[in-house]
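So the structure is just underneath, and the comments pick up after that.
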Amino acid sequence: MGNLRTDIGATKPYAGGDTDTYADNLETDVLIVGAGFGGVYLMHRLRDELGFKCKIYEAGAELGGIWHWNCYPGARVDTQVPIYEYSLPEIWKDWTWTEKYPGYDELRKYFAHVERKLNVKKDVAFDSRVVGAEFNLETHRWDVKTEDGRTAHAKYLINAIGFAAKRHFPDWKGLETFKGEMHHSSFWPESGVDMKDKRVAVIGTGSTGIQLAQEASKEASHVTVFQRTPNLCLPMRQKKLTKEEQDEKKPEYPEIYKHRMTTFAGFGYDFSEKNTFDDSPEEREKFYQDMWDEGGFKFWLATYKDMLFDKKANEQAYNFWVKKTRARITDPRKRDILAPLESPHAWGVKRPSLEQNYYEAMDRPENDVVDLKKNPIREVNEKGIVTEDGELHEFDLIALATGFDSVTGGMKNMGLKDVNGILLKDKWAQGTYSYLGMTCNDFPNMFFLYGAQGPTAFSNGPSCVEVQGDWIVDTLAKLRKENITYLNATKDAEEEWRQKVTELSDKSLFPTANSWYMGANIPGKPREQLSYAGGIPLYEKECREVLNNGFAGFTTQPPAAQA
């Protein structure tokens with residue numbers, strides 16, 4: 001199959017650090033799985049500030065999480081800096097970005113800077129993929145196994161694997177017969193892929209597909225995007241940044257980071273206090289235009305407060321979007337596929353991508369877009385892709401931007417077992433249950449962040465990581481101070497939290513679309529809201545109340561085996 005790579009541990013592990021980091025039968029207070037934004041933040045706070053013995057198991061060969069894995073052409077973050085970075089002064093004070101929305105290469109340099117400041121790697125075992133973990137009722141410790149046969153024993157297990165840890169591969173007939181090159185976006189070769197004068201297929205129109213298509217169109221002779229649902233993209237308004245303008249703004253950073261935690265999505269802006277029809281049509285047009293001109297997610301997350309709740313208000317947003325977008329596309333057939341007059345779903349209930357020149361690139365005569373709703377993929381053969389109408393589309397390179405089993409897929413893929421020996425993937429097979437989006441019933445002393453039923457998909461990553469990370473850190477400190485050895489979320493607390501997550505979502509338009517927010521991108525996956533849609537301030541308030549009220553919703557006494 002055209003060099004399609006699906007392995008994970010493809011490089012040698014980091015050789016430095018403490019001698020016991022790679023040891024079999026490793027003993028530690030805290031074992032963190034994942035060395036991205038969440039894992040590194042937890043390591044710093046727990047090890048450096050509170051003195052816990054901490055280790056990280058990381059499946060990749062470097063720090064950075066998604067920014068270690070993502071190296072496909074055009075990969076970049078869709079949140080502007082300094083919002084998309086740690087609020088830690090020791091990190092931001094002497095760090096300078098080169099552009100408003102950094103690409104993967106610069107984000108890797110950022111994590112190298114983080115390492116120089118925090119000295120994380122000495123306690124990270126790279127190339128260490130967790131394949132099993134079970135809480136031992138006799139020792140009150142987690143026994144965690146890696147793919148290469150090592151075992152670790154930890155009082156606390158924290159999963160910081162992110163929401164896009166399990167790749168999704170399509171099951172098309174003949175996928176393995178393609179003679180050209182084929183790569184999933186998250187397994188893109190580090191050495192890059194020569195796309196010059198190649199015929200390139202991009203399958204998928206999430207953020208990755210948009211970025212790949214934009215970049216491929218700079219060099220390829222022909223780019224065809226296979227689209228199931230149009231991405232209702234927003235203009236990025238990318239720009240270069242100077243050191244001087246960043247240094248001038250840095251005295252404001254503490255206030256910026258404080259403010260971001262008061263906004264719904266942990267950004268530097270929030271929804272307007274007005275409803276859509278509070279304004280006249282002329283006022284509304286000007287309001288939309290101002291957000292559009294500024295770019296980024298403002299048109300999504302700083303718009304009228306009823307846009308994601310009221311269908312008629314939402315239609316106004318779509319009407320503006322479609323008018324602005326169709327004006328950029330000259331080919332009438334492509335225009336109707338990329339920006340249909342009738343909305344394919346409520347605007348903003350699927351995450352919009354930020355684009356730089358996507359519509360102009362696809363409008364060019366040498367490029368094409370195939371509407372998979374009308375003309376699905378029938379099979380792949382040695383030359384390319386055959387659609388349902390019998391046409392063979394020949395390619396030299398197929399880029400699979402087919403996404404992830406998002407939010408829950410990673411944790412269901414780790415071999416996590418509860419105290420009764422039941423796998424988490426079986427417990428979550430018919431629906432997801434957690435307490436506070438950070439703990440699970442019968443998985444005592446286990447925490448996770450940036451995952452199921454937290455603010456995850458509706459938040460800026462570093463904001464979510466810090467609000468949840470701080471709660472986990474404070475919880476471990478409280479457990480140590482009060483000499484509590486066993487913390488287990490109750491089943492009732494899980495049931496109530498799931499109900500809360502569902503009710504918050506049901507008030508909005510989110511359930512009206514088949515999105516990865518709802519688990520609808522994976523065949524057979526339960527259709528349910530996977531993220532907390534109440535916003536970061538309300539989420540933090542609810543989690544803090546639990547911590548301040550004697551661990552309400554948790555059992556803290558030892559289990560029967562220790563009584």
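None of the figures in this text is laboratory data; all of them are computed from the coordinates on show. Since the structure is predicted, the reported quantities are computational estimates derived from the model, not experimental observations. Reconstructed Cβ throughout: ideal geometry from the backbone, glycine too, with neighbour counts over all protein chains shown.
Brief remarks on what is shown
- Available extension along the chain between Ala552 and Glu360 is 63.7 nm, counting 0.36 nm per residue and deducting the alpha carbon span.
- CD proxy at 222 nm, helix term only [per DSSP H run n ≥ 4: -39500 (n - 2.57); per residue of the chain; nearest 500]: -8000 deg cm²/dmol
- Inter-centroid distance (Cα atoms) of region 14-91 relative to region 469-501, Å: 23 Å
- Extension gain from Lys240 to Asn483, taking 0.36 nm per residue of separation minus the Cα-Cα distance: 82.3 nm
- Take each peptide in 422-428, 80-86, count the other Cβ atoms within 10 Å of every residue, and average; sorted highest first, the result is 80-86, 422-428.
- Rg(Cα) / (2.2 N^0.38 Å) computed for the chain, rounded to two decimals: 0.97
- Amide H contacts under 5 Å for Thr555, placed H, 5+ residues apart: Asn488, Ala489, Thr490
- Cα centroid of region 255-295 to Cα centroid of region 230-248, whole Å: 17 Å
- Taking Cα atoms only, the orientation of helix 281-294 departs from the longest principal axis of the chain by about 70 degrees.
- Rounded to 0.05, the FRET efficiency of the Asp105 and Asp293 pair, given R0 = 41 Å and the Cβ-Cβ distance, is 0.90.
- Length available on full extension from Leu392 to Asp506: 0.36 nm per residue minus the Cα-Cα distance, which gives 36.8 nm.
- Shape class of region 144-234 from the alpha-carbon gyration tensor: prolate, with a/c at 1.5 or above and a/b greater than b/c.
- Average silhouette area of region 175-400, convex hull of alpha-carbon atoms, in square nanometres: 15.1 nm²
- Highest mean first, the peptides 549-555, 429-435, 294-300 sorted by other C-beta atoms within 10 Å per residue fall in the order 294-300, 429-435, 549-555.
- The distance separating the Cα centre of region 302-380 from that of region 146-221 comes to 24 Å.
- Placing pseudo-labels 7 Å out from each Cα toward the beta carbon at Asp247 and Ala327 gives an inter-label distance of 4.0 nm.
- Cut-off 11 Å between beta-carbons: net charge of the residues surrounding Gln227, Lys and Arg +1, Asp and Glu -1: +2
- Packing-based order for 172-185, 50-63, using average beta carbon neighbours within 10 Å, highest first: 50-63, 172-185
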